[in-house]
Amino acid sequence: GTSRLRACPDEFQAEAHVVTEVYQNNPNLSIIFPFVNDAEQLKQAITVLRQQGFTGKIGTMIELPSAYFDLDRILETGISKIVVGMNDLTSFVFATVRNSQWHDMESPIMLDLLRQMKEKAKTKKIDFAVAGYLNLSFIQKMNHIGIECILHYSSIPEIFALELEHPDHLTPIQEKRK
């Protein structure tokens, strides 16, 4: 996340430089910063990227309650998209782990948070979406209230009643990352 900007500023600068180089040949590249604590942290990350010459679109994830509470200021940072990380935000709001009985993305609390964020983003003409390991019931609720969903690939078989040809194709990569 963007906390690396403070913890490892040289590495963050180097990554911003590489992203900008890639952007020069791929002008459709957009950046979404994950795990943003607040608007100030996001502004710092955007500044580093812009100083490197990146002129593309920038967005942010909202996964932390602190980012939700600072949303008004986050919307003023020049971003063009917000993506709510539903699994993380739900875990942090309810102080629970995924797959527990208390991890409920469809709870009235979470749905109210989403409606509020969507309306605030809409007033600033900022794109808004949710992402994560989403189920069909949640996606239907999002469709009903006009919120775009970004699915994790592992949700595809359940949502669309499809079988993936190579469902475990990322397992070797995930094992090497550990």
Taking the full set of protein chains and a 1.4 angstrom probe, give the accessible area of TYR133 in square angstrom, rounded to the nearest 10.
110
Would you please put 3-11, 85-93 in order of how densely packed they are, using the mean number of other Cβ atoms within 10 angstrom per residue and starting with the highest?
85-93, 3-11
Förster-model FRET efficiency, 30 Å R0, LEU29 and ARG98, C-beta, rounded to 0.05:
0.50
Can you list the lysines whose alpha carbon sits under 16 Å from that of LYS122, skipping same-chain ones fewer than 8 residues off?
LYS81
Hey, can you find the accessible area per residue of segment 5-106 for me, probe 1.4 Å, expressed in square angstrom?
52
Point-charge dipole on Cβ atoms (K/R +1, D/E -1) for the chain, about Cα centre, debye to 20
460
Per 5 Å bin, what percent of the C-alpha pairs of segment 49-123 does each bin hold, from zero upward?
3, 14, 25, 21, 15, 11, 6, 4, 1, 0
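What FRET efficiency, computed as 1/(1 + (r/R0)^6) with R0 = 45 Å and r the Cβ-Cβ distance, is obtained for ASP168 and THR47, rounded to the nearest 0.05?
Values: r = 41 Å, r/R0 = 0.90.
It comes out at approximately 0.65.
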From the phi of every residue in segment 83-97, what ³J(HN,Hα) in whole Hz does the Karplus formula 6.51 cos²θ - 1.76 cosθ + 1.60 yield, where θ is phi - 60° and glycine or proline is x?
10, 8, x, 5, 5, 5, 4, 4, 4, 6, 5, 9, 6, 9, 9
Please give the per residue volume of the convex hull enclosing the alpha carbon atoms of segment 1-110, rounded to a whole number of Å³.
112
Segment 38-178: mean projected area of Cα convex hull, nm²
10.5
Rounded to the nearest 10 Å², what accessible area does ARG98 have for a 1.4 Å probe in the complete protein model?
100
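The values are calculated or read from the model by the stated rules, or taken from the named source; none is laboratory data. Quick caveat, the model's predicted, so the values are computed rather than measured. Neighbour counts are summed over all protein chains in view; Cβ atoms, including those assigned to glycine, are modelled from backbone coordinates with ideal geometry. All accessible areas refer to the heavy atoms of the entire protein, side chains included, with ligands and DNA or RNA removed. Shrake-Rupley method; radii C 1.70, N 1.55, O 1.52, S 1.80 Å.
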